[in-house]
Each structure stands twice: as C-alpha cells, then as structure tokens.
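Before any comments, here is the structure.
FYI, it's all coordinate maths here, none of it is from the lab. Worth saying up front: this structure is predicted, and the values here are computed from it rather than measured. Cβ atoms come from the backbone with ideal geometry, glycine included; neighbour counts cover every protein chain shown.
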Amino acid sequence: MKREELVSYLDELLEPGKFRDYCPNGLQVEGRDEVRCIVTGVTASQALLDAAMARGADTILVHHGYFWKGEDGRVTGMRRRRLGALIEHDINLLAYHLPLDAHPELGNNAQLAARLGWLADGRFGEQDIAWQGALAEPTELAVLAAKVAQALGRTPLVIGDPVRPIRRIAWCSGGAQGYFEQAIALGVDAFLSGEISEQTVHLARESGVAYLAAGHHATERGGVMALAGHLAERFGLSCEFVDVDNPV
C-alpha cells in the first residue's frame, strides 16, 4: 500500500489529534512511497533500525520515536547516525505515543488488561490515559505479581503486603507513577505501571495500596505487537515485531 494510505489509516484508527503529546505522532521521517515490509518495536533505537535494515524493511513503526519536547534538536552524534541510517536506506519512521497507550483495543493498557484477564470499567488521569477495573477473582498480591511476571516476562518490583487480597486494580503503562495518588483516591487495592519513583514507595506503604512496577519496556510491548498483527491481517502486509531487550 502507499505510505500516505497507511499514515491516513493509522491517524484515523489511533486519533492522535485528541492528545496533547510530548512528540509528533504519525510520520516522523519520510522514506519510500510504497509500504510492503514493516518492522515494529517499542523504541526507534539504533538496534531496531539495524534489525529493520537487515530485514529489508521499508517502514518502522514504534511507540517511542524522535523529536521529544524539550530535547536538544541538533542533528549530531547519535541523532545524526539514526536519522542518517533512515534516510540512506529510504525507510519511513512512524511513531504513536499516547494514542497507542490509550487505544481501547490495540493500546498498551488494553493489552495489559487482555493478557492479565482484568475487567476494565473506567478511565482516569490526564486525557483518560490510565485505566481501572477488577480482577476476574480476588487474588493475593504475591499471586498477582507472579501472574504479571509470567505475562510480561519480567519480575515486577512490588511494594505491599504479599498476602493482601487484590480485588480492584488501576494501571497505566510506561512511566505513569505520577497517577498513583489518583489511583489511591479511587479506592483500588493496587496500581501497576512501568516505573517507580522514590516517593512512590512511601505512598504505597502509608496508603496501604500496593504498587507494582513491571517495567517501562515490558508494559509497552503489547500495543505495537497488537498493531502489527492488526495491520498484517487487514492489509496483508509483512509486519514483524522485533523486541530489543530493555531491563528498565
């Protein structure tokens, strides 16, 4: 399909215009006009670019792209090498950040719920980016943490009483520890995100609400994987997710 057809479809599907984001969503670097082979990944790192070039991809689709708000915009060093590789090999770079966290079916938070069997029943936070809901059945915190580890392939850092029963949970992929106080106010038993800050530990201990830090990368693989599968099924494109390991 044509590049502009793909961009138009993704913009309609993910609705980036609804979000006040920290980076441009959609086409970030223009490459070939014809799209046949897409490599997807969490972050447009050099390792992902190298994997895409090795596979002969004409398009890279990621959650974390380039041109972040407040970042030094000079094209030097690492930035020059990355952009140079894309331009030299005529590869399109598409990135969708908050829109891919929030999408009700393909988004990172939707995919977390699907993988873990959580029953979503509400949204909260800025632009309704965070989710809340119930577990299919009450589960002790330690058992929940083990299920998260199995589903995401990463052992979460857990703050809370291991035998505490968890009935209601709130969650938001990536670096969303700033929503923890709002989650506490909602009356949930636990909150899961990708990252944790120093003060988050004290909030968890003093509120009694458990906190699970399951990894920024690990909690944000689901969206691009689901989107790759959707594009392959709908348009018959070659779409391969490449997981560049990241322990954070």
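Details
- Net charge of the neighbourhood of R154, taken over other residues with C-beta under 13 Å away and scored Lys/Arg +1, Asp/Glu -1, is -1.
- Computed over the chain, the per-residue total of -39500 (n - 2.57) for DSSP H runs of n ≥ 4 gives a 222 nm mean residue ellipticity of -11000 deg cm²/dmol, rounded to 500.
- Computed from point charges on the beta carbon alone (+1 for Lys and Arg, -1 for Asp and Glu), the dipole magnitude for the chain about its Cα centre is near 320 Debye.
- Count Lys and Arg as plus one, Asp and Glu as minus one, and take only other residues whose Cβ is under 13 Å from that of K2; the net charge is then -3.
- Footprinting exposure proxy for T76, T219 (fewest neighbouring C-beta atoms within 10 Å first): T76, T219
- By DSSP, the beta bridges lying fully in the stretch 103-216 are antiparallel in about 65 percent of cases.
- Of all beta bridges that DSSP places with both ends in the stretch 3-96, some 25 percent have antiparallel geometry.
- In order through the stretch 36-52: 3J(HN,Hα) via Karplus (6.51 cos²θ - 1.76 cosθ + 1.60), integer Hz, x for Gly, Pro: 10, 10, 10, 10, 10, x, 6, 9, 7, 6, 4, 4, 5, 4, 4, 5, 5
- Amide H contacts under 5 Å for F241, placed H, 5+ residues apart: T40
- Gap separating the Cα centres of the stretch 1-34 and the stretch 226-244, nearest whole Å: 15 Å
- Computed about the Cα centre, the dipole magnitude for the stretch 103-216 is approximately 280 debye when only Lys and Arg (+1) and Asp and Glu (-1) carry charge, each at its Cβ.
- Between amide H atoms placed 1.01 Å from N, distances below 5 Å from F191 occur with A170, A210, Y211, L212, all of them 5 or more places distant or on a separate chain.
- For the stretch 45-78 and the stretch 110-168, distance of Cα centres in Å: 31 Å
- Three-way shape label, the stretch 121-203, alpha-carbon gyration tensor, a/c 1.5: rounded
- Its relative contact order, with pairs defined as Cα atoms under 8 Å and 6+ residues apart, puts the chain at 20 percent.
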